[in-house]
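So the structure is just underneath, and the comments pick up after that.
Please treat every number below as a calculation from the coordinates, not as lab data. Computed from a predicted model, the values in this text were never measured in an experiment. Note: ideal-geometry Cβ built from the backbone for every residue, glycine included; neighbour counts use all protein chains shown.
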Amino acid sequence: MWYLPISDSEFALGRTLAQLKAELLRRTEYDLMPVAGVPLDDTRAVLARVDTLARDAWAQAWAARAEIHLERADAMRECDPAAACEAYRLAWRLFHFARWPVENTPFKRHVYPRALAAFRNHGRLLDPPLEMLRIPFRNETITAYLRMPRAADPLPLVIGISGLDSRKEDVMALAGAYLRRGIALIAVDMPGTGEAPATLAPDAVEMFSALLDWVAGRDELDAGRVVVQGRSWSGYWGARLAIVERERLRGAVMHGGPIHHYFQPQWLGPSLQSHEYLYDYLPATAALFGVDGLEALLAAAPAHSLQAQGLLGQPAAPLLLINGARDSQIPITDVELLAGLYPQSTVWINPQGGHMGRSADWSGRRIFEEVTAPWLERVLQLSAACG
């Protein structure tokens, strides 16, 4: 498996060891990405074990802490399933962060399957439980997750796509917010990441088309009420699918994703040094594109622009466009470009927001509850379906 041979000294985007530890502790205390949901005691225990910026030292420290939760979960599985479910979730969260943002060392590649196993054990104990999907695609398989609220009628559906460094497990961990509204959720890895059977290429859209074909054959799901939700980098796929699969979608969420300006070297190169990202931004991005190093990345990126590919301006399903005006990873001009071409879109921009519109006043949770969820309820006609 490919990984970028970038030195450990470049790991922390110029932060010293003390600065990186302080930033991790701050993000944990304020429940900020990418450590949102990690208990503060776990982060403190991990930081006490690490005295280097070597990638595997960090990964091993997170994995060792995850093993503690995993042992608890295994011990409680029969006698206390609810407690075991939560312990498996914590084990997944820490194994997952051990491999974050990309599996670019032998140990990170080793620990990724442990994150998957812990999450799937967690999912089996949920109510309603997690359903594993294995959908044939070309000569491979689309691996995805499905959770459905308990309801008799065919259910509206959101297909959530993971981002650059997140995985489908991160998407499915948020399922409760959808199920409470009567919405089923499918979570799938973005092409070029995780267990996705397709690389980052225009024809990877066929992976999502195969998933929509599968949905059409599932009686519990309403194939006429489907929204695709892209978060961060996968907002790119939300926008692409809004165009390519417009006949089969009620709408698409483009939440902080790249469209055209992001792919230009004058933006992409400097943005890879953003301290809004915690560490290893360049390796994660290069791995997505399947290239080795910054020069190759900047050369490959422009061809992925939706404008360069002639898609922008074609008819599209209704779009929800979200981001922050101060996003240092993906330019706000990409939201503005789509908003100009598709004036029927719903647009929400936080003028003080960073990546994905998050700020001190607007957490990711608040943006979902006050912006994304009302839009989903409207386009999926939830009130009409219940009435």
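Couplings 3J(HN,Hα) of segment 250-265, computed from phi: 6, x, 8, 9, 10, 9, x, x, x, 10, 9, 4, 4, 7, 7, x Hz, in residue order, whole Hz [Karplus 6.51 cos²θ - 1.76 cosθ + 1.60, θ = phi - 60°; x for Gly and Pro].
When the charge dipole of the chain is built from unit charges on Cβ atoms (+1 for Lys and Arg, -1 for Asp and Glu) and taken about the Cα centre, the candidate among L338, G192, L376 whose Cα reaches farthest toward its positive end is L376. Since only F208, Q307, A151 are under comparison, the one whose Cα sits farthest along the positive direction of the charge dipole of segment 128-387, derived from C-beta charges on Lys, Arg, Asp and Glu, is A151. Here S359 and Q307 are evaluated by their C-beta separation; at R0 = 25 Å the FRET efficiency comes out at 0.30. Under 5 Å between amide hydrogens, built in the peptide plane, is the criterion, and for Q229 it picks out I159, G160, I161, V253 among residues at least 5 positions away or on other chains.
Candidates A18, G238, P128 compared by Cα position along the dipole of the chain: farthest toward the positive end lies P128, with charges placed on Cβ.
Share of Cα-Cα pairs in segment 55-193 beyond 22 Å, in percent? Value for segment 55-193: 42 percent of Cα pairs lie more than 22 Å apart. Shape analysis of the chain based on the Cα gyration tensor places the equivalent ellipsoid semi-axes at 30, 27, 19 Å, largest first.
The trypsin sites (Lys or Arg not before Pro) of segment 60-162 meeting both criteria, a DSSP state outside H, G, I, E and B (loop) and at most 10 other C-beta atoms within 10 angstrom of the site's C-beta, are R150. The relative contact order of segment 128-387, computed from alpha carbon pairs under 8 Å that lie at least 6 residues apart in sequence, is 16 percent.
Each 10 Å bin from zero holds the following percent of Cα-Cα pairs in segment 15-125: 16, 46, 31, 7, 0. Pairwise inverse Cα distances across segment 112-169, averaged and inverted, put the Kirkwood hydrodynamic radius at 13.2 Å. Ranked by the mean number of other Cβ atoms within 10 Å per residue, highest first, peptides 34-43, 313-322, 256-265, 47-56 order as 256-265, 313-322, 34-43, 47-56. The charge dipole of the chain, taken about its Cα centre with unit charges on the Cβ of Lys, Arg, Asp and Glu (plus for the first two, minus for the last two), comes to roughly 380 debye.
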